[in-house]
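S.K.: Sharing a structure with you now.
The values are calculated or read from the model by the stated rules, or taken from the named source; none is laboratory data. This is a predicted model, so every value here is computed, not measured. Note that we place each Cβ from the backbone using ideal geometry, even for glycine, and neighbour counts take in every protein chain shown. Each accessible area value is taken on the protein alone, full model and side chains, heavy atoms only, with ligands, DNA and RNA left out. Shrake-Rupley method; radii C 1.70, N 1.55, O 1.52, S 1.80 Å.
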Amino acid sequence: MPFILIGFVLVGTALLVSLSGGGIGTDTSTNTTLSTGSSKGLSAKTLRFKDQIQAEMEKQNVPTSWLGVLLAHVEVETHGNAEKYPDIFQASESVKGANVTNALTTEQSIHYGVLAFKNQLASVKSITGHDPSPTNEGDVNITSVLYNAPAFGPWLKKNHGGQWSVEANNDFYKNVLPSYGAGSGDSNYWKKILQYYDPSTGQSVTASTVTVSGESESYFNTVIAEAKKYEGNPYVWGGSNPTTGFDCSGLVQWCFKKAGITLPRTSQQQWSDVTEISESQAKAGDLVFFEGTDNQGGMTHVGIYLGNGKMSNAEKSGVKVANLSAWQKLYKTHFGKIKGAN
């Protein structure tokens with residue numbers, strides 16, 4: 001059960017969440033794979049709150065790509081047993097002083113749990129100097145320690161340059177945390193989270209595929225985990241790799257190459273290399289193309305379809321997850337299935 005330190009003052013039991021948008025969920029089986037990280041071994045009691053937690057994340061503008069991490073915290077804290085522990089996140093101490101009682105309802109727990117985690121992700125950015133990613137194990141592990149002890153953040157930045165390591169974690173729990181009267185704490189809390197969340201591949205440890213809309217795409221997790229690495233990076237016309245930066249087709253080509261799929265370089269060439277499908281047939285892992293976004297003619301923009309009306313793409317404002325509806329109002333839209341990818 002976590003506790004929280006505000007600055008260096010022990011306040012009590014605490015929580016977790018993040019900073020931008022996007023991400024998709026999948027089925028609700030025990031091994032549920034998310035777009036940029038996976039949940040493994042989660043109980044049915046925890047998974048029943050998946051949609052409710054995701055909705056709250058969207059409401060608070062928290063990237064749903066972190067959903068698996070939040071589900072892991074629920075599993076570690078209460079195993080989703082809301083009947084016995086309505087405060088499934090054990091979030092009551094994180095809202096001390098707010099206009100709620102410490103005996104949080106499950107709905108309140110989800111609200112304040114997401115809010116606290118959102119603040120933690122902001123702290124990770126301050127600590128490390130980069131936007132936190134759910135596929136960066138160091139970032140995930142830092143959020144796990146912050147869940148228990150926010151004082152870890154400034155200490156890690158000052159003494160270890162903001163870099164996660166097992167040695168830094170153990171040093172903090174053994175030599176620093178007890179000096180605040182908080183006891184020794186649980187130095188293995190980060191390991192417990194990783195029992196239910198795998199940040200390395202975006203896949204569950206018991207399967208090599210991701211289930212989306214009832215179908216499997218063996219390449220999808222690899223592609224989307226790679227695209228996620230560059231979210232927020234600026235658009236670079238003609239860019240085709242992380243060194244030069246990316247334009248739309250360069251990002252698509254690079255990400256699919258990481259999954260062992262070779263695509264041509266330009267959006268028009270990529271369009272010629274896919275099988276056209278209807279929007280109703282499209283599922284995560286397909287490509288979405290747009291006509292007339294500039295004066296070149298043909299298919300002038302491409303993105304990776306995520307399902308649920310979203311795509312990952314490199315557009316003029318940078319690499320991001322975007323809503324298709326805004327693009328569809330302006331440009332003729334087409335969907336394509338990669339030949340031989342399934």
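S.K.: Read through the list (1) open to solvent by 70 Å² or more (accessible area, probe 1.4 Å); (2) out of contact with any Pro (no Cβ under 9 Å at 6 or more places or on another chain), then give the number of the only condition that ILE338 fails.
M.R.: It fails just one condition, (1).
S.K.: Restricting to the stretch 47-90, and then to whatever is open to solvent by 20 Å² or more (accessible area, probe 1.4 Å) and basic (Lys, Arg), can you tell me which residue is nearest to the chain's Cα centre (by Cα)?
M.R.: So, considering only residues that are open to solvent by 20 Å² or more (accessible area, probe 1.4 Å) and basic (Lys, Arg), the one nearest to the chain's Cα centre (by Cα) is LYS59.
The rows are residues; the columns are (1) in contact with a Gly (Cβ under 8 Å, 6 or more places away or on another chain); (2) at negative phi.
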position: LYS258; (1), (2): no, yes
position: SER280; (1), (2): no, yes
position: GLY292; (1), (2): no, no
position: GLY297; (1), (2): no, no
position: GLY303; (1), (2): no, yes
position: ASN308; (1), (2): no, no
position: VAL321; (1), (2): yes, yes
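S.K.: Restricting the stretch 299-316 to residues that are touching a helix residue (DSSP H, G or I) at 6+ places or on another chain (Cβ under 9 Å) and charged (D, E, K, R), which is modelled with the lowest pLDDT? Talk me through it step by step, then tell me what you get.
M.R.: Residues of the stretch 299-316 that are touching a helix residue (DSSP H, G or I) at 6+ places or on another chain (Cβ under 9 Å), as a first pass: 299-306, 309-315.
Next, only the ones that are charged (D, E, K, R) stay: 310, 315.
On the way: LYS310: 90, GLU315: 95.
Residue satisfying both the conditions and the ranking: LYS310.
S.K.: Starting from the stretch 103-117, keep only residues that are closer than 15 Å to THR46 by Cβ, then list their pairs with residues that are open to solvent by 30 Å² or more (accessible area, probe 1.4 Å) whose Cβ atoms are within a distance under 8 Å, requiring at least 6 positions of separation or different chains.
M.R.: Listed by first residue and then by second, the contacts come to THR106/PRO86; SER109/PRO86; ILE110/GLN52; GLY113/SER94.
S.K.: Out of the residues in the stretch 169-185 that are in contact with a helix residue (DSSP H, G or I) (Cβ under 7 Å, 6 or more places away or on another chain) and assigned to a helix (DSSP H, G or I), state the one that is surrounded by the most Cβ atoms within 10 Å (Cβ to Cβ).
M.R.: Restricting attention to the stretch 169-185, the residues satisfying the condition of being in contact with a helix residue (DSSP H, G or I) (Cβ under 7 Å, 6 or more places away or on another chain) are 169, 172, 176, 184-185.
Then keep just the ones that are assigned to a helix (DSSP H, G or I); that gives 169, 172, 176.
Details: ASN169: 22, PHE172: 20, VAL176: 18.
Applying the filter and picking the extreme gives ASN169.
S.K.: Tell me which helices (runs of 4 or more DSSP H) are completely within the stretch 61-168 and hold 1 or more residues being aromatic (Phe, Trp, Tyr) and modelled with pLDDT under 95, or say none if there are none.
M.R.: Details: elements: 67-78, 106-128, 137-148, 152-160.
Where helices (runs of 4 or more DSSP H) fall fully within the stretch 61-168 and carry at least 1 residues being aromatic (Phe, Trp, Tyr) and modelled with pLDDT under 95, they are 106-128, 137-148, 152-160.
S.K.: Same structure, new question: Taking the residues in the stretch 249-258 that are more than 13 Å from LEU287 (Cβ to Cβ) and open to solvent by 30 Å² or more (accessible area, probe 1.4 Å) as candidates, determine which candidate is modelled with the highest pLDDT. Steps first, answer last, please.
M.R.: Of the stretch 249-258, the ones more than 13 Å from LEU287 (Cβ to Cβ) are 250, 254, 257-258.
Checking the rest, the ones that are also open to solvent by 30 Å² or more (accessible area, probe 1.4 Å) come to 254, 257-258.
Details: TRP254: 94, LYS257: 89, LYS258: 84.
Per the criteria, the residue is TRP254.
S.K.: Could you grab me the full set of residues in the stretch 268-307 that are open to solvent by less than 20 Å² (accessible area, probe 1.4 Å) and more than 19 Å from ASN323 (Cα to Cα)?
M.R.: GLN270, VAL274
S.K.: Can you give me the ranges of the strands (runs of 3 or more DSSP E) entirely in the stretch 259-342 with at least 2 residues that are hydroxyl-bearing (Ser, Thr, Tyr) and either without any contact (Cβ under 8 Å) to a residue 12 or more places away in the chain or under 22 Å from SER240 (Cα atoms) (or both)?
M.R.: On the way: elements: 274-277, 287-291, 299-307, 310-315, 318-323, 333-338.
Here the list reads 299-307.
S.K.: Now a separate question. Residues in the stretch 40-54: is at least one modelled with pLDDT under 70, within 19 Å of GLY309 (Cα to Cα) and not hydroxyl-bearing (Ser, Thr, Tyr)?
M.R.: No, that holds for no residue.
S.K.: Select from the stretch 240-267 the residues that are touching a Ser or Thr at 6+ places or on another chain (Cβ under 9 Å), basic (Lys, Arg) and within 12 Å of TYR219 (Cα to Cα) and list them in ascending order.
M.R.: Within the stretch 240-267, the first condition is being touching a Ser or Thr at 6+ places or on another chain (Cβ under 9 Å), and the residues that meet it are 240, 246-256, 258-260, 263-267.
Within this subset, residues satisfying the condition of being basic (Lys, Arg) are 258, 265.
Correct list: LYS258 only.
S.K.: What single numbered condition from (1) under 15 Å from ILE261 (Cβ atoms); (2) at pLDDT below 50; (3) hydroxyl-bearing (Ser, Thr, Tyr) fails to hold for THR222?
M.R.: All conditions are met except number (2).
S.K.: I'd like to know if the stretch 233-248 contains one or more residues that are modelled with pLDDT of 95 or more, part of a helix (DSSP H, G or I) and within 16 Å of VAL319 (Cα to Cα).
M.R.: The answer is yes, given that some residue of the stretch 233-248 is modelled with pLDDT of 95 or more, part of a helix (DSSP H, G or I) and within 16 Å of VAL319 (Cα to Cα).
S.K.: If a residue has to be at pLDDT 85 or above and of a type in the set (Gly, Ala, Ser) to count, how many in the stretch 327-342 make the cut?
M.R.: Matching residues across the stretch 327-342 total 1.
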